[in-house]
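Notes follow the structure.
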């Protein structure tokens, strides 16, 4: 939220001064730091073929898939960036998880609103048709050594009480508007449907991952609990589920029948592992099967795991392998382990019908490189494999179907966004000379392939937000056929606008609140000649500070309602922390 002219930064929802422009979570993501370098898939040429000559008889530099790099938008070679600045941390090189060696963890306070909570890239993907932004974390699990995971049925939760209790302030809710937030609402502004405070968290902070919206229920995880609210009024849909220890991973997506899986620690000591799985029905709050994930090898433990759903398969990832479970029963299906001479699965990304694996190969040798494979979710059989050139790392998947990947080359300080077709063949790469500003989450011991929001993809187009350090920006529609810009649209206010998803042939985007106006949900036609924004929802001005103060916010647009929630609790005692908020007409 920018401040009015000639005024100092105002305190945000947590009572701490906001950061000045340019210091927010996006961190000024850069384009390539030097003229285009050979891309991830460029051998001397595609599959070892000689390079083609450029337009003036000189060899063109190869792109990430062995394709010639393109010049900038005005025919000049691409520069380090629009401002000639060197790359900043956070875009090309997503940060490590708080607590990793040499890494400063996120601040302990200060709400910065949706898409401003973490440095790095973000992708907004439409998960299970919900347009939920915010992704799964994908690490790789292993199957070797240790006991096999055992699935078992757990007890169902106690039935929730009846009536509409007062909001106790612990996140369980009660009553649609206990704080009278709709008092003073102006004509044309949306209603605050409900607003929930977060449960108490330790002083060191706690994760509040995941947000799942069905036709009936809005479900949110926070610290050791999972809460379910009725979408219309925020009343408890079922009694909160309390787990024995803190939640350490969740599936960002859900199954077709409304099931998710959360992982929680097996203890509270420094040696505890993230190896306990719990299936949950989103609409009923019923706890289904449980399982304990076994350790793999010496460097392949369950200190950190990542979860993804693909069809009826749950893939649990560690750092060097993966274990698949049947989502209906919790029975183990297969392991994905080391293959070839030295290739270790290190990350997974899942969609309705596809499961993608990224492996690290030749580590410590002379041919270090990544490989991308598509797996049959039910059997783990490899459908195709695509090697990536040495020096390039597959960091994110902006979409699984179609497959759009974001890659970095740390040595060359370069990045690349490319699309692969259904057979793993290179289709196109982004050729737009621009600074883009999606945001990605933290990752511990793993690549969080789907942990991004602020980006949307449909069958033919990639939608990326440009970066202006918090001011008015643009959304650029990039063709997946040739990587060129199809059109661009500017934010309707002086605040940044970010894609949320595609619905009914229109792009849905979120416009951040300003000092004198609440945020907006807008739609943009994806076809035709006009791409102006149409306002779908105008959030109230008098709750703009609350809206802006959601730390590390995730957003969703489902059924004409707009939801936002925190994904990290600071543990601050200065004020009651925010957990979730819903707006609608």
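Table for the structure above
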read-out	value
Every residue from region 203-245 that is under 23 Å from residue 256 (Cβ atoms), part of a loop (DSSP other than H, G, I, E, B) and in contact with a strand residue (DSSP E or B) (Cβ under 6 Å, 6 or more places away or on another chain)	209, 210, 231
Top-ranked residue in region 250-271 [being without any contact (Cβ under 8 Å) to a residue 40 or more places away in the chain and surrounded by fewer than 17 Cβ atoms within 10 Å (Cβ to Cβ); ranked as farthest from residue 205 (Cα to Cα)]	257
Some residue of region 567-579 being within 27 Å of residue 187 (Cβ to Cβ) and in contact (Cβ under 8 Å) with a residue 40 or more places away in the chain	yes
Complete set of residues in region 427-444 that are assigned to a strand (DSSP E or B) and at pLDDT 90 or above	427, 428, 429, 436
Residue 491 being in contact with a strand residue (DSSP E or B) (Cβ under 8 Å, 6 or more places away or on another chain), buried (at least 22 other Cβ atoms within 10 Å of the Cβ) and over 18 Å from residue 525 (Cβ atoms)	no
Qualifying residue in region 211-228 (condition: free of Cβ contacts under 8 Å to residues at least 60 places away in the same chain and more than 24 Å from residue 293 (Cβ to Cβ))	yes
Residues being part of a loop (DSSP other than H, G, I, E, B) and surrounded by fewer than 24 Cβ atoms within 10 Å (Cβ to Cβ) - total across region 311-320	2
Checklist (1) without any contact (Cβ under 8 Å) to a residue 60 or more places away in the chain; (2) within 24 Å of residue 404 (Cβ to Cβ) applied to residue 350, failing item	(1)
Given (1) surrounded by 24 or more Cβ atoms within 10 Å (Cβ to Cβ); (2) over 21 Å from residue 250 (Cα atoms); (3) in contact (Cβ under 8 Å) with a residue 60 or more places away in the chain; (4) within 17 Å of the chain's Cα centre (by Cα), number of the condition residue 392 does not satisfy	(4)
Number of positions in region 168-194 that are buried (at least 22 other Cβ atoms within 10 Å of the Cβ) and at pLDDT below 95	2
Selection count, region 567-580, where residues are within 27 Å of residue 503 (Cα to Cα) and modelled with pLDDT under 95	1
Check on residue 424, surrounded by fewer than 20 Cβ atoms within 10 Å (Cβ to Cβ), in a loop (DSSP other than H, G, I, E, B) and under 24 Å from the mean Cα position of the chain (by Cα)	yes
Which numbered condition residue 401 misses (of (1) within 23 Å of residue 315 (Cβ to Cβ); (2) within 23 Å of the chain's Cα centre (by Cα); (3) buried (at least 20 other Cβ atoms within 10 Å of the Cβ))	(3)
The lone exception for residue 542 - which of (1) over 23 Å from residue 459 (Cβ atoms); (2) surrounded by 24 or more Cβ atoms within 10 Å (Cβ to Cβ) it fails	(2)
Enumeration of residues in region 453-474 that are closer than 14 Å to residue 398 by Cβ and buried (at least 17 other Cβ atoms within 10 Å of the Cβ)	453, 454, 455, 456, 457, 458, 461, 462, 463, 464, 465
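Here is a yes/no grid of residues against (1) over 24 Å from the mean Cα position of the chain (by Cα); (2) part of a strand (DSSP E or B); (3) free of Cβ contacts under 8 Å to residues at least 40 places away in the same chain:
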{"site": "248", "(1), (2), (3)": "no, yes, no"}
{"site": "284", "(1), (2), (3)": "yes, no, no"}
{"site": "288", "(1), (2), (3)": "yes, yes, no"}
{"site": "298", "(1), (2), (3)": "yes, no, yes"}
{"site": "303", "(1), (2), (3)": "no, no, no"}
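Residue-wise test of (1) surrounded by fewer than 23 Cβ atoms within 10 Å (Cβ to Cβ); (2) modelled with pLDDT under 95; (3) under 20 Å from residue 457 (Cα atoms); (4) touching a strand residue (DSSP E or B) at 6+ places or on another chain (Cβ under 6 Å).
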{"position": "298", "(1), (2), (3), (4)": "yes, yes, no, no"}
{"position": "309", "(1), (2), (3), (4)": "no, no, yes, yes"}
{"position": "341", "(1), (2), (3), (4)": "yes, yes, no, no"}
{"position": "352", "(1), (2), (3), (4)": "yes, yes, yes, no"}
{"position": "359", "(1), (2), (3), (4)": "no, no, no, yes"}
{"position": "385", "(1), (2), (3), (4)": "yes, no, no, yes"}
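The values are calculated or read from the model by the stated rules, or taken from the named source; none is laboratory data. The shown structure was predicted, so the numbers you read here are calculated from the model rather than taken from an experiment. Cβ sites come from the backbone with ideal geometry, for glycine too, and all protein chains shown count toward neighbours.
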